[in-house]
Amino acid sequence: MAFDFTLSATDGAARTGVLKTPRGDIRTPAFMPVGTAGTVKALTVDQVKSTGADIILGNTYHLMLRPTAERVKRLGGLHRFMRWDGPILTDSGGFQVMSLSDINKVTEDAVTFASHIDGSRHVLSPERSIEIQADLLGSDIVMQLDECVAYPAEEVRARAAMELSARWAGRSKAAFGARDTQALFGIQQGSTFEHLRRESAERLVDIGFDGYAIGGLAVGEGHQAMCDTLDYAAPMLPSDRPRYLMGVGKPIDLVEAVARGVDMFDCVLPTRSGRHGQAWTWDGPINLKGARFAELDAPLDPDSECPASRDYSMAYLHHLVRAEEILGQVLLSWHNIAFFQALTAAMRAAISEGRFEAFRRDFRARHLKETA
């Protein structure tokens, strides 16, 4: 099959393998840089490729509003539009509709909402989401439309969203049909309720998807609650298909999720941090605005293959950040994406060599403050 997923090694629940796609292999664990509006913010596609990223993520909500999915289609699809020739995963648009928009109504049929840009009215149904992602943008991995609730959620509210998402999963699968060059992922919901997560997983498996995502986390529950939920949520999903934790997260979140059997991640954190002067390192995050970096004539990571990490002093980066120069945002975003790719590469190597638990313990010791 076009999207064959093969595990090459396991170490406890942690897995490493390859998801094959027509546009190239995705090595797992994989971190997907987020290309919100057809761009990974502050970076060219060549810079993103140089970090080792196999796949990027595009946002359906933002692209359907501007420049519109129809325009992207007329201009050759999202890959040609942004000059990225590797795999692209697009989210369904549902999360942004819930979090960014003035929502008028969520019904069985669709979500009706007002654009955060100009207030124009739009309707997003499971079928329309599939059309935008698969037919207009030309995504390689398409996500079902789901309803995501914030944390904390009452059980009755979490159940209603889970059940609606399950019904929309069936409609998404029917709209997607049988395609040889694109894949469809279902999304598990259920907040932090184990029995809801189990029911969601069972309903998704009955429908049948190319991969399975864990949704409804990183919405305010905190690191420990996320880990506690993943303890039971991840094993509920098929072991022979990729498992994707949506919207996560900090480096420690990635390591702990991999320890629980997750394969794929996305998050805006690396570029958002970079635009605000923060660099992620093997010893945790640092804020380059700090005066202690003003005369530190050493790079962020002398052993990195990324020029932003290796070739510029922290004193220079401090200067760029304090002077609000655009180059500072570019270099720190580039460094952060490279660090996240180096982290997933290190996890793949540790799993393959049977030393993941030692890697995890060491990483936690240096990053535990991130979970506070």
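The values are calculated or read from the model by the stated rules, or taken from the named source; none is laboratory data. This one's a predicted model, so the numbers in the text were calculated from it and none came from an experiment. Backbone-built Cβ (ideal geometry, glycine too); neighbour counts: all protein chains shown.
State all residues of the stretch 17-29 that are buried (at least 23 other Cβ atoms within 10 Å of the Cβ) and either under 15 Å from the mean Cα position of the chain (by Cα) or under 18 Å from Pro307 (Cα atoms) (or both); if no residue qualifies, say none.
Ile26, Thr28, Pro29 - these are the residues of the stretch 17-29 that are buried (at least 23 other Cβ atoms within 10 Å of the Cβ) and either under 15 Å from the mean Cα position of the chain (by Cα) or under 18 Å from Pro307 (Cα atoms) (or both).
Would you check which residues across the stretch 124-177 are at pLDDT 95 or above, among the aliphatic types (A, V, I, L, M) and surrounded by fewer than 19 Cβ atoms within 10 Å (Cβ to Cβ) and list them?
Val156, Ala160, Leu164, Ala174
Consider Val258 against the criteria (1) farther than 26 Å from Asp54 by Cα; (2) in the same structural domain as Leu196 (by TED's automatic domain parsing); (3) β-branched (Val, Ile, Thr): it satisfies all of them except one. Which criterion is unmet?
(1)
Are there strands (runs of 3 or more DSSP E) fully within the stretch 229-324 with at least 1 residues that are surrounded by fewer than 23 Cβ atoms within 10 Å (Cβ to Cβ) and among the polar types (S, T, N, Q)? List them.
278-281, 284-287
Within the stretch 181-196, track down each residue that is hydrophobic (A, V, I, L, M, F, W, C), closer than 14 Å to Ala161 by Cα and under 19 Å from the mean Cα position of the chain (by Cα).
The one that is hydrophobic (A, V, I, L, M, F, W, C), closer than 14 Å to Ala161 by Cα and under 19 Å from the mean Cα position of the chain (by Cα): Ile187.
Listed here are the residues, each with its yes/no results for (1) out of contact with any strand residue (DSSP E or B) (no Cβ under 9 Å at 6 or more places or on another chain); (2) on the phi > 0 side of the Ramachandran plot; (3) at pLDDT below 95.
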position: Pro22; (1), (2), (3): yes, no, no
position: Val40; (1), (2), (3): no, no, no
position: Thr51; (1), (2), (3): no, no, no
position: Leu63; (1), (2), (3): no, no, no
position: Gly93; (1), (2), (3): no, yes, yes
position: Val97; (1), (2), (3): no, no, yes
position: Val111; (1), (2), (3): no, no, yes
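Out of the residues in the stretch 183-219 that are among the small types (Gly, Ala, Ser) and not in a loop (DSSP other than H, G, I, E, B), state the one that is farthest from Asp146 (Cα to Cα).
Result: Ala183.
Residue check: is Asn287 within 19 Å of Met32 (Cα to Cα) and in contact with a strand residue (DSSP E or B) (Cβ under 6 Å, 6 or more places away or on another chain)?
no
Looking at the stretch 1-16, which of its residues are farther than 25 Å from Asp180 by Cα and surrounded by 19 or more Cβ atoms within 10 Å (Cβ to Cβ)?
Listed by number, the residues that qualify are Asp11, Ala14, Arg15.
Look at the stretch 78-91 and say how many of its residues are over 27 Å from Ala150 (Cβ atoms), in contact (Cβ under 8 Å) with a residue 24 or more places away in the chain and either in contact with a strand residue (DSSP E or B) (Cβ under 9 Å, 6 or more places away or on another chain) or surrounded by fewer than 17 Cβ atoms within 10 Å (Cβ to Cβ) (or both).
9
Failed condition for Ser273, given (1) over 19 Å from Gln47 (Cα atoms); (2) touching a Phe, Trp or Tyr at 6+ places or on another chain (Cβ under 8 Å), with all others met?
(1)
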